[in-house]
Amino acid sequence: MNIVNLYEKGLRAKDINPLNHNKYWPGKVIKKISASFLSLLGLLLPFFSCSDYLSIDDYFSDEIKLDSVFASTRYITAYMWGAATLFPDEGNLLQNNYTPGPLATDEAFTSFLSTTHNYNGMAYVLGEVTASSMRSFNTWGNLYKIIRKCNTIFNRIDEAKDMTTKERFEILGTTRFIRAYAYYNILVDFGSPILLGDEIMESNEQLPYYDRARSTYDEAVEYICDELEEAALYLPLTTSLMEFGIPTKGAAYGLIARIRLNHASPLYNGGDAARRTFGNWKRSTDKAFYVQQTYDEERWAKAAAAAKRVMEMQSAGGQLYRLHTVAADSDTPPLPEGVTYDPDYYKEWPDGAAGIDHFKSYSYMFTGESVIPVNPEYVWGKRSGAIRENTRMSFPQGLSGYNGMCVTQKVIDTYSMIDGRSIDNSSPQYPYSESGFTNNVQTFSGYRLNSGVYNMYDNREMRFYASIGFSECFWPMLSTTSSGQYNQTISYYYDSRNGKGGVSSVNDYPITGYVIKKYIHTDDAWGGDNARRMDKGFPIIRYAEILLSYAEALNNLDGNYTIELDGQQQTFSRNMDEIKRAFNQVRYRAGMPGLNGSEDRATVQSMIEKERMIEFLFENRRYYDVRRWGIYEETESVPIKGMNVEGTKETFYSKVVPNTSRIGARIVNKRLVLLPLPLNEVRIVSSLDQNPGWED
């Protein structure tokens, strides 16, 4: 029986021996390359010439050694994966992070110091990042190093006489994906890149030779999508367990779907948001707008087509991607009663919410309980050491954690009640209350909700319990064998062991009264004998994102549009049956009712925005979503709130702005929509325009 079949029968990650994955970015196993050859690659010894995007190749010290690489298929393959190692761990979103991430949004906050401990998302919103001091966000040059290495392969691949036609196509397809992914990272964080095509810039030329202007946003989108389309022709449909993480057709198509949705969204598609943010931003060389100022509705149809292609991908076993689910068992709570809004709610999954365990279906994806490489929801994912290590930021200080990676009250209040109603419209059966405490222990789906929990946290949807640590929350930590280090109830009142007045380090307390628990397994522990943590995966693209993107794209259409993709034509319009089919799957997996089909466009958009905030909490989607929707300034202008961590149990449970100067110091400025280009780059290359609002 293969591992996929075992997984379908409920195999958990801890039931099998861990795989021995090497350090290479895609999980690609390279057994025959000698250690001396790998050291020769010199991956971390860059050589700069004029500008990072013009750097000469830094793998080898002279041309003869580079010639030796391109004489062998084996060495070219190693060279290609060597380029891929320069990408960051996509799960590294909190400390020394490559992109601003959750701490630069309204979903997260911390008292950890940005100045000494490099929580650079906080540094970004506190105004500590500038074009001349970019901290860990200075990835521009590194991404161009990747692009140059890929271009070197394109220019020299035919030198390997031992290469078969099949190997050539595989290497070119993967290299094209790696290069497109580098450009994608530039596009989403810095905006328009300099597009170099297959060119390798010569060294030792006069400065005017290197003077290249940035593309427009539209030009970059079309180039990157075209490159991904070409790459997909030669990428595998699926991979083996040992190759988990290498790019596949689905990874290429998933990135296209995300890029097309961004391109259709208000910030990049004319209208008020585009004019407000980019209305005066023109390319200095020809006065072309970097971002289009005229609305194009057809972009939504292209985004819908790109998402639907991923939804319809097939493997030998049927549908290639689907939402991760765990079958209901005796520990699964019954569906809430009295839901009438959605007539399909009580049907069996996937037509309704019955028959699955909603807590486990969501939680097991992130904690490491489900086998990572065969998760059918991963359109593209990777193992992430950063995710595993960063769980310590949430663990109680009294149990060897750092106790301060916080979720905001806004997120807490956005979670629905268990029957899908908002906290402002709760039902008599499942009421929301900001007074009193529970008086009995509840256990469901392997989760324990203590007696004595504040009523605000009772009757909430399953994703809330899977993701949030709150006062009086139960922490199992079952791997440790030390007494007092497992099965603990944790509170954050001022005078409690893990509260502001009880911690030994002044900043190691949860400043909002909540911590992120989404990636923490019941076995995970940091303190005591035998403490260990489960391996974690990070979903770069999840099938849930594809479903919600499809629903959003259709919802924004007024007319009918025929789109040709892969030689087939399909017509797209605001079809509520299709919108329901996509959106409701995500809701049903969470145990909540979906759309009934009568909703207007504004209501559906509002529900999608709320759903994405909750579903993708701490997955690095919120930072980009509020920007592409054109609501960044609106959302970030609302002060961060949490519980009153200055109070004892009697006064703790009130929603307040934390007592810290960092709240008032948070900057809301449209320049933060994009990272700045490094100042030294802008000043070297005269045609390289800086992003709006940043120093040049």
Tilt of helix 73-84 relative to the longest C-alpha principal axis of the chain, in degrees (0 to 90, nearest 10)?
-> 50
Ranking by accessible area, most exposed first, for 300, 349 with a 1.4 Å probe = 349, 300
Two-site FRET efficiency, residue 441 against residue 331, from Cβ-Cβ distance with R₀ of 22 Å, rounded to 0.05 | 0.95
As a Kirkwood estimate from alpha-carbon pairs, segment 349-419 has a hydrodynamic radius in angstrom of 15.1
In the neighborhood of residue 122, defined by Cβ-to-Cβ distances under 14 Å, what is the net charge if each Lys or Arg adds +1 and each Asp or Glu adds -1?
-> -1
Long-range HN-HN contacts of residue 383 with modeled amide H, under 5 Å = 538
Fully extended, how many nm does the chain gain between residue 118 and residue 354 (0.36 nm per residue separation, minus their Cα-Cα distance)?
-> 80.5 nm
For residue 74 the rounded accessible area (nearest 10 Å², probe 1.4 Å, non-protein molecules ignored) is 120
How large is the dipole of the chain about the Cα centre if only Lys and Arg carry +1 and Asp and Glu carry -1, each at its Cβ, rounded to the nearest 20 debye?
-> 1080
So if R0 is 25 Å, what FRET efficiency would residue 598 and residue 560 give, r being the distance between their Cβ atoms, rounded to the nearest 0.05?
-> 0.70
With N residues in the chain, Rg(alpha-carbon) / (2.2 N^0.38 Å) equals 0.96
Mind checking the dipole of segment 226-295: about its Cα centre, +1 per Lys or Arg Cβ, -1 per Asp or Glu Cβ, Debye to the nearest 20?
-> 460
Other-chain or far-sequence residues with amide H under 5 Å of residue 327's (modelled H) = 357
R0 = 22 Å: FRET efficiency of residue 646 with residue 450, Cβ-based, nearest 0.05?
-> 0.40
XL table 249/536; 149/518; 347/655; 145/166; Cα-Cα > 30 Å flagged, in table order, is 149/518; 347/655
For residue 529 and residue 654 in one chain, what is 0.36 nm times their gap in residues minus the Cα-Cα distance, to one decimal in nm?
-> 41.2 nm
Cα→Cβ-extended label distance, 7 Å offset, between residue 298 and residue 167, nm = 4.4
Ignoring ligands, DNA and RNA, what percent of the accessible area of the chain is carbon or sulfur (1.4 Å)?
-> 47
Area of residue 214 that stays accessible when all protein chains are in place (1.4 Å probe, Å², to 10) | 0
Return a whole-number percent for the relative contact order of the chain, with Cα pairs under 8 Å and 6 or more residues apart as the contact set.
-> 17
Does a label point 7 Å from the Cα of residue 202, set along Cα-to-beta-carbon, have any residues of segment 661-696 with amide nitrogen under 14 Å, and which are they?
-> none
Could you calculate the contour length gain from residue 667 to residue 680, that is, 0.36 nm times the residue separation minus the distance between their Cα atoms, to one decimal place in nm?
-> 2.3 nm
Kirkwood Rh over alpha-carbon pairs of segment 324-469 plugged into Stokes-Einstein at 25 °C, 0.890 mPa s gives a D in µm²/s of 143
Could you go through segment 423-434 in sequence order and give the Karplus-derived ³J(HN,Hα) for each residue, using 6.51 cos²θ - 1.76 cosθ + 1.60 with θ = phi - 60°, rounded to whole Hz, and x for Gly and Pro?
-> 5, 7, 9, 6, 8, x, 6, 10, x, 9, 9, 10
Most to least accessible of 433, 686 (protein chains only, probe 1.4 Å) = 686, 433
Longest span of the chain, sites excluded, free of GluC sites (Glu not before Pro) in DSSP loop with at most 15 other C-beta atoms within 10 Å?
-> 435-645
Which net charge results when you count Lys and Arg as +1 and Asp and Glu as -1 among the other residues whose beta-carbon is under 9 Å from that of residue 525?
-> 0
What are the residues whose amide H is under 5 Å from the amide H of residue 418, where those residues sit 5 or more places off or on another chain and H is modelled from the backbone?
-> 460, 461
Counting all Cα-Cα pairs in segment 109-223, those more than 22 Å apart amount in percent to 51
Would you work out which of 630, 196, 108 lies farthest towards the positive end of the dipole of the chain, given +1 charges on the beta-carbon of Lys and Arg and -1 on that of Asp and Glu, about the Cα centre?
-> 108
If you plug each phi of segment 225-240 into the Karplus form 6.51 cos²θ - 1.76 cosθ + 1.60 with θ = phi - 60°, what whole-Hz ³J(HN,Hα) values come out, in order, with x for Gly and Pro?
-> 5, 4, 5, 5, 4, 5, 4, 4, 4, 10, 8, x, 6, 9, 9, 6
Sorted largest first, extent of segment 273-393 alpha carbons per principal axis (Å) | 67, 43, 37
State in Å² the accessible area per residue of the chain; use a 1.4 Å probe, count heavy atoms of protein chains only, and round to the nearest integer.
-> 37
From highest to lowest solvent-accessible area (probe 1.4 Å; ligands, DNA and RNA excluded), 326, 586 read 326, 586
Label point 7 Å out from residue 341 along Cα-to-Cβ: which residues of segment 399-423 have amide N under 13 Å?
-> 415-423
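The values are calculated or read from the model by the stated rules, or taken from the named source; none is laboratory data. None of these values were measured; they are calculated from a predicted model. Don't worry about glycine lacking a Cβ; one is built from the backbone with ideal geometry, like all the others, and counts go over all protein chains shown. Surface accessibility is based on the protein's heavy atoms, side chains included, excluding ligands, DNA and RNA. Shrake-Rupley method; radii C 1.70, N 1.55, O 1.52, S 1.80 Å.
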